[in-house]
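Undergrad: One structure, as structure tokens, below. Some questions next.
The values are calculated or read from the model by the stated rules, or taken from the named source; none is laboratory data. Predicted model, so just to flag it, every value in this text is computed and none were measured. Note that each Cβ is placed from the backbone with ideal geometry, even for glycine, and that neighbours are counted across all protein chains shown.
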Amino acid sequence: MSRKITLTGVERHFENHQIIVSKTDLKGRITYANDVFVKISGYREDELLGKPHSIIRHPEMPRCVFKLLWDTLARGQEIFAYVINRCKNGDHYWVYANVTASRGPGGQVISYHSNRTVPDRRVVRDAIIPLYQALLAEENRHGNARDGMNAAHRMFLDILEGKNMEYDEFLFSLAS
């Protein structure tokens, strides 16, 4: 996590029938990683377990998207998102993620579960990459990371408002 990983620019792919699965505790530390996750990330299972899920965070992934993710989960809702992840060796891979809360017998959130599938390449190329580049530019325009994240989050909410759509509607409209 603390060591710098040089990006290779090489994209890895997984099969349409495969699903990347991980589970985390409430702090985002990985408690389960399936074989597909282990294989594509390039980490061994023991290198993932107990580590923050951000171990695979790609620097081209806007922080404001993760803010949206955590805000949505905090409201008790599931979320879908396109995510670019970084492999151990600096390669990357795109996923279409569905993140949900797992609840205990009393209904309290006890952990998080994420299933990631192969994303629609057209959507990634034509909509997500340009959007994420714009959000990252806004984040990087600010001297303070938190200010940048909040400004990009506001920018994204303004985009949604301009389209008169909620986030889920926007996301699903990209595939049509």
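Undergrad: Among 44, 63, 3, which is modelled with pLDDT of 95 or more and more than 14 Å from the chain's Cα centre (by Cα)?
TA: 44
Undergrad: Taking the residues in segment 72-95 that are among the charged types (D, E, K, R) and surrounded by fewer than 20 Cβ atoms within 10 Å (Cβ to Cβ) as candidates, determine which candidate is farthest from residue 45 (Cα to Cα).
TA: Selected residue: 75.
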